1. Sort out which residues of region 500-515 are crowded, with 19+ Cβ neighbours inside 10 Å, farther than 29 Å from ASP63 by Cα and either more than 35 Å from the chain's Cα centre (by Cα) or among the hydrophobic types (A, V, I, L, M, F, W, C) (or both), and write them in order of number.
2. From THR58, THR160, THR89, grab the single residue that is crowded, with 22+ Cβ neighbours inside 10 Å and more than 24 Å from LEU574 (Cβ to Cβ).
3. Filter region 280-296 down to residues that are loosely packed, with under 15 Cβ neighbours inside 10 Å and either at pLDDT 75 or above or of a type in the set (Phe, Trp, Tyr) (or both), then give me how many there are.
4. Within region 93-122, work out how many residues are surrounded by 22 or more Cβ atoms within 10 Å (Cβ to Cβ) and over 19 Å from TRP210 (Cα atoms).
5. From GLU394, GLU319, GLU313, which residue is modelled with pLDDT under 80 and surrounded by 14 or more Cβ atoms within 10 Å (Cβ to Cβ)?
6. Among ALA538, ALA529, ALA519, which is modelled with pLDDT under 90 and either part of a helix (DSSP H, G or I) or surrounded by fewer than 24 Cβ atoms within 10 Å (Cβ to Cβ) (or both)?
Amino acid sequence: MIIPAVPNTHALAVLLLTGVALFLFSRDKIPLETSSLIVLVCLAVGFEVFPFAGKGGTIKAVDFFLGFGNEALVAVCALMIAGQGILRTGALDPVGRVLAKFWKISPVLSLLLTLLLGAFISAFINNVPVVVLLLPVLISVSLKTGESATPILMPMGFSTLLGGMSTTIGTSTNLLVVSVAADMGLPAIGMFDFIVPAALAGGIGIIYLWLIAPRLLPKRDTSLSDSSPRIFTAHLEITEESELNGKPLLTALNKTDGRMNVSSLERGEGNAIMMLPDVELMPGDHLVVEDTPENLKEFERILDGTLYPVGSEDTPVSEDNPLDDKDQQISEIAIFQGSKLSGTTLNKYRFTDKLGLIALAIHRSGQRFKRVEDKLSDMRLRVGDILLVQGPREKIAELKRHSDFLLLDSTVDLPFSTKAPIALTIMFGVIILAATKVLPIAIGATLGALLMILTGCLSWRDATRALSAQVILIVVTSLALGMAMIRTGGAEYLGSVFVAVSGDASPTMVLSGLMLMMAIFTNIISNNAAAVIGTPIAVSIAHQMGLPPIMFVLAVLFGANMSFATPMAYKTNLLVMNAGEYTFLEFLKVGVPLVIIMWAALSFFLPFYFMGM
């Protein structure tokens, strides 16, 4: 085995930077967008200070920023906006309601139907809205039936990933691979050109997710399935004997160490007065307080007052006259990409003031938090966090129409938006235009995004919030790295090394090895980075072996989509992980066998379909 020499210093530097990039992308403590910008700036500065002239001409620093105008990135951003329109209008809600009815009839067959439906929709729509649709259905079913949701949430999430790998618009990864391949001179890959091997392998994967995966996952109650402790509203009356007589409101707050949440101060029934810190408390004043029963009783003792339930101010709280919460509901909301809550706190967002709700608890993957409201209010929220909230029935109902978070469960069944048919029609039109090649996907998706805004399915605020700086920067950086590898000869060198290491292995074995390498990369680093870096290597391998490049390009595409083994491999994995409270080891336990199944199946179907090997 003879390993070829590195072609030039610039190629070596690019390969070293690629290694650094892969390391940075795998670090949880460094934001992915920060890592991407570091790599992008290093490329631009490096080639500006040390110019390179090769077969393709001189590489200029500005060339590395052309990714911001790349057709694939335009398509990805436009599809994210169009997908937000589907999410915002609740266009897929009727599907969820039908599924919920099926679950009552036959849970086993309903799981299969859910997996198939999730995979089918994800072939045409980004899988985030699909997971957003199916999570509430499955969680609601589990709460109503008393069965654990843990065995079914992860299989559902993985089914959407299986569906996403079957068409060119299924994931941003697919669009990038197709775009890079076209830039390298390969014939354009159509929307359904690889759906047959993807569907055959995906069918095997669905069977695994239906019959085996649920048995590998434990049945347990998540912290969010427990709706206690509830928050109650009560009136705390200042009595004649209370030492707070004549004292400012601030004194009462200080005596409870600031833990008491006073929503209003009433002096006489229905007569609210200004709640200034220095307002003097008088006998008969009512502090309207919201908290758990235990805390309310503690405040009654500390302040030497009398506690009354709302609506029963004549009879103090007792066993015969308990606190009442008949108008209250408990629901779960998830923070997703683009939410205004991401990166801020409930206090800064003014959560209670804006929504009339109280956050009871938070779940974050790998961490447990006590339900202490004052700590929760100051906690910086992240994408994937799930909050347990409580509030009046009508306030919970309004959450369905809010664009800052996803309502995971509610006892209120709301009709879907009147704009939903329009959003579905627009999305269907985008798919038809791309499938028939009337318009390139970038143009068709941009047209669809514009129509979503013009028809009122989305506001400009919703549209801009749908865009992810993380996705944009990782795509641009990956394209820049790929371009540098191609132009300096680094990709050709890596292809030569791969062929040399493969020795006399058959084309099928080489293709299988390339796909497995991409599958490993995608579960450690960004799948988009793995796809863009792997595509030129695949083309180089195919040329050196004298074989059709499309087969090796699709090996990269499929491998980069096998984001099953780790929760950080794909953004929906994190959302599912938080909802089901899965551990990292549970992801490995279910995800690694699925990677092996898909790798083995595609290693057979892909060469058989394209070459009859």
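The values are calculated or read from the model by the stated rules, or taken from the named source; none is laboratory data. What you are looking at is a predicted structure, and each value in this text was computed from that prediction instead of being measured. Neighbour counts run over all protein chains shown; Cβ positions are idealised from the backbone, glycine included.
1. PRO507, VAL510, LEU511, MET515
2. THR89
3. Of the residues in that region, 4 qualify.
4. 0
5. GLU313
6. Checking each option against the conditions leaves just ALA529.
The rows are residues; the columns are (1) touching a helix residue (DSSP H, G or I) at 6+ places or on another chain (Cβ under 8 Å); (2) part of a helix (DSSP H, G or I).
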position	(1), (2)
LEU451	yes, yes
CYS457	yes, no
ASP462	yes, yes
ARG465	yes, yes
LEU473	yes, yes
VAL476	yes, yes
LEU481	yes, yes
ARG487	no, yes
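Here is a yes/no grid of residues against (1) part of a loop (DSSP other than H, G, I, E, B); (2) hydroxyl-bearing (Ser, Thr, Tyr); (3) in contact (Cβ under 8 Å) with a residue 60 or more places away in the chain:
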site: VAL177; (1), (2), (3): no, no, yes
site: ALA182; (1), (2), (3): no, no, no
site: LEU186; (1), (2), (3): yes, no, yes
site: GLY190; (1), (2), (3): yes, no, yes
site: ALA199; (1), (2), (3): no, no, no
site: GLY205; (1), (2), (3): no, no, yes
site: TYR208; (1), (2), (3): no, yes, yes
site: PRO214; (1), (2), (3): no, no, yes
site: PRO218; (1), (2), (3): yes, no, yes
